[in-house]
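Note sheet for the following structure.
Only the coordinates and a few stated rules stand behind these numbers; no lab work does. Just so we're clear, the structure is a prediction, and the values are computed from it rather than from any experiment. Here the Cβ positions follow ideal geometry from the backbone for every residue, glycine too, while neighbour counts run over all protein chains shown.
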Amino acid sequence: MTKINQKWDKQAEAAKATQVAFDVSESIYHFIQTESAENKLKPSDYIRKILGLDFKQKKVRPRLTVTLTNEDYQKLGDEFGIDPDDKIAIKAAVTNKLINLADQ
């Protein structure tokens, strides 16, 4: 079997998987979030690890995301003294703010 066919088979198998959501208390949610971060895993991979299932050993990319509206950019531009249309400069300013917060 070719490498492309193997990849296609794995993708087809993954498409058959069912996502399961667990309603838990806030303390359990926080525990899983914290432990998965400390283990450098996504929460879903950490749960798979707990359950003894296969999971991706690949470390989580250290990336944070947030959705910003035009109104948000306006507010952040005002806060940082940056043109609200200069989204790259605002992103840099927010990154620095997060880094400084973690360094405190």
Of these, K56, K49, which one is part of a loop (DSSP other than H, G, I, E, B) and out of contact with any Cys (no Cβ under 9 Å at 6 or more places or on another chain)? K56
Hits in the range 53-84 - residues which are over 20 Å from A37 (Cα atoms) and surrounded by 12 or more Cβ atoms within 10 Å (Cβ to Cβ): L68, D72, Y73, Q74, K75, L76, G77, E79, F80, I82, P84
Just the residues that are touching a Leu at 6+ places or on another chain (Cβ under 8 Å) and more than 30 Å from Q19 (Cβ to Cβ), please, taken from the range 48-86. L76, I82, P84
